[in-house]
């Protein structure tokens, strides 16, 4: 009989992200009504401030790009990451620091609520090592397209 390895399940980082999400839900419930843009923005800026310098610089620039490209999206945290949501609270896009899950690059991701469909297959996440003018223009266009 083959020996079975015990599944470790979620990593410590993944469990921490789930705890952060649970805390976000509790905080929203304590606020009573849906979080205001100001509440969400301060939460996002606090998360960005916690990031290592390289990811923080990318996240700050990305925050400005998303706000300019889609002023109707509300900043909020999502699993402890900066995210941007529609009025109904559904996240459209998010930033994941490379440091958070110990990866070699940060990630700009889009949820299924983003209107990026292109045929039968399309990307929904992008690796970010740095932001040049070309990447910034592409991100702005993607965000505008994502909100439809």
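Note on the range 52-79: residues that are surrounded by fewer than 20 Cβ atoms within 10 Å (Cβ to Cβ) and in a loop (DSSP other than H, G, I, E, B) total 5. Condition check for residue 97 on (1) in contact with a strand residue (DSSP E or B) (Cβ under 9 Å, 6 or more places away or on another chain); (2) touching a residue at least 60 places away in the same chain (Cβ under 8 Å); (3) under 20 Å from residue 14 (Cα atoms): one failure, at (2).
Here is a check on your reading of the model: is residue 52 within 13 Å of the chain's Cα centre (by Cα), closer than 24 Å to residue 101 by Cα and at pLDDT 95 or above? Break it down into steps so the answer makes sense when it comes.
Numbers: within 13 Å of the chain's Cα centre (by Cα): no; closer than 24 Å to residue 101 by Cα: yes; at pLDDT 95 or above: yes.
When the stated conditions are applied, residue 52 does not pass them.
If you go through the range 130-143, how many residues are surrounded by 13 or more Cβ atoms within 10 Å (Cβ to Cβ) and touching a residue at least 24 places away in the same chain (Cβ under 8 Å)? Number of matching residues: 6. Entry remark, the range 115-129: residues being in contact with a helix residue (DSSP H, G or I) (Cβ under 7 Å, 6 or more places away or on another chain) and either surrounded by fewer than 12 Cβ atoms within 10 Å (Cβ to Cβ) or over 24 Å from residue 99 (Cβ atoms) (or both) number 2 in total. When you look at residue 110, is it in contact with a helix residue (DSSP H, G or I) (Cβ under 7 Å, 6 or more places away or on another chain) and under 14 Å from residue 142 (Cα atoms), yes or no? Criteria met by residue 110.
Looking at the range 14-36 only, could you name the residues that are surrounded by 14 or more Cβ atoms within 10 Å (Cβ to Cβ) and at pLDDT below 75?
Here is the first cut: in the range 14-36, the ones surrounded by 14 or more Cβ atoms within 10 Å (Cβ to Cβ) are 16-17, 20-21, 24, 28, 34-35.
Once the filter is applied, which keeps residues that are surrounded by 14 or more Cβ atoms within 10 Å (Cβ to Cβ) and at pLDDT below 75, the range 14-36 yields 16, 17, 21, 24, 28, 34, 35.
In the condition set (1) within 15 Å of the chain's Cα centre (by Cα); (2) at pLDDT below 95; (3) within 28 Å of residue 129 (Cβ to Cβ), residue 11 is compliant with all but (1). As a summary of the residue check, residue 88 satisfies the conditions (1) surrounded by fewer than 21 Cβ atoms within 10 Å (Cβ to Cβ); (2) at pLDDT 95 or above except for the one numbered (2).
The values are calculated or read from the model by the stated rules, or taken from the named source; none is laboratory data. Since the model is a prediction, treat every value here as computed from it, not as a measurement. Every residue, glycine as well, gets a Cβ built from its backbone with ideal geometry; the counts of neighbours run over all protein chains shown.
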